[in-house]
Structure formats: C-alpha cells, structure tokens
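Here's the structure we're looking at; comments come further down.
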Amino acid sequence: MRFVGWTGSVSSDSPATAIVANGPTSITGMWKHQYLLTVKSEFGFVNGTGWYDEGSTARISVVPSSISSFPLLVQQVFYRWDSPSVSSATSSVTDVVVTGPSVITAEWATSYQETALILGVIAVFALLGSMIIIRKRRKLEALRNGMTRRLP
C-alpha cells in the first residue's frame, strides 16, 4: 500500500504532519493499494515492470519485436502476450489495467522466412547453372558427333 495523505482536521500529503488539537479533532489516513507488475521475455528487452496503483494503466513493451540469428538465418518474432488483461495481445507495445499482482510474459514464434528466401534464391541459381551446363554439354556432344548445324 502507498500512503496518499491525510483528510479531516488536517489536509496534507506528507506522512509526518504536525497536529494542533485544541478541540475535537478527526484525522483519517488515506492509502492506495499498489501491485507489482512483472514483465518477462526470453528475447529482447522489456519495459513496464514496476509498482502500480490499483486500477491504473501500465504500458508494457518488448523491443525489438524480431531477432535474427545469422548463422542459421532463423528469426524469433514476437507472437503475443500471455495475459488476457492486455489491451492488444499481439502488439509488442500495449497497455494493461493493473488489478492485482501480475506476471506477463512475451511469447515468441520461430520464423524460417529468411531461410526459405535464401534457399529459394540458391535453388534458382542452381537450376540456371544446371541448364547452362546441360546446354554446353549438348553443344560439345554435337561437335564430337560431327554435327555442324547450330543448336538452340
């Protein structure tokens, strides 16, 4: 809980307040509930972990939202937050209304999109190279057989 202030015969937000009681005096301390919000992620850096007043809105995020590993050309891509209390579960930056202590974890998916693209480019070059080699072999074979007509 967090101390908010005093009300009644004394109005102050300081926890230590001098009171002069020269008659009936009524003083009430006001408190707010606070809860710890913990944001976690296996990859990247998270923001938003901290203590928040009950009912307040906390902004949480994870950056970057995608991480590539060069040797394997595999990419980790932010997938969603594992909490139903976030305003947008699939956005790497979102808001959450704090109603109690909470641990929210970023979930990631593995993407092979870059790998597939590179393998596709390699396959195209391999196919073109094979076609060139086959064409040259046919021309050499035709020359060896004494054929003089030009092949396409």
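Just checking, does segment 39-58 include any residue being exposed (fewer than 13 other Cβ atoms within 10 Å of the Cβ), of a type in the set (Lys, Arg) and farther than 19 Å from residue 110 by Cα? Scanning segment 39-58, I find no residue that is exposed (fewer than 13 other Cβ atoms within 10 Å of the Cβ), of a type in the set (Lys, Arg) and farther than 19 Å from residue 110 by Cα, so the answer is no.
Against the test of being at pLDDT below 90 and buried (at least 17 other Cβ atoms within 10 Å of the Cβ), the options 86, 62, 98, 74 yield a single qualifying residue, 86. Reported count of residues in segment 37-74, each being among the β-branched types (Val, Ile, Thr) and under 11 Å from residue 92 (Cβ atoms), is 4. Criterion applied to 8, 44, 48 was being in contact with a Lys or Arg (Cβ under 8 Å, 6 or more places away or on another chain) and at positive phi, and the one residue passing it is 48.
If you go through segment 110-140 and keep only what is closer than 28 Å to residue 79 by Cβ and modelled with pLDDT of 85 or more, you end up with just 110.
Conditions (1) assigned to a strand (DSSP E or B); (2) of a type in the set (Ser, Thr, Tyr); (3) within 19 Å of the chain's Cα centre (by Cα), marked per residue:
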position: 37; (1), (2), (3): yes, no, yes
position: 43; (1), (2), (3): no, no, yes
position: 46; (1), (2), (3): yes, no, yes
position: 52; (1), (2), (3): yes, yes, no
position: 62; (1), (2), (3): yes, no, yes
position: 90; (1), (2), (3): no, yes, yes
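Of the residues making up segment 1-35, just one is assigned to a loop (DSSP other than H, G, I, E, B), surrounded by 13 or more Cβ atoms within 10 Å (Cβ to Cβ) and small (Gly, Ala, Ser), namely 9.
Against the definition (surrounded by 10 or more Cβ atoms within 10 Å (Cβ to Cβ) and at pLDDT below 85), how does residue 107 come out, yes or no?
no
The values are calculated or read from the model by the stated rules, or taken from the named source; none is laboratory data. All of these numbers come straight from a predicted model, not from anything done at the bench. All Cβ positions, even for glycine, are placed from backbone atoms using ideal geometry, and neighbour counts span all protein chains on display.
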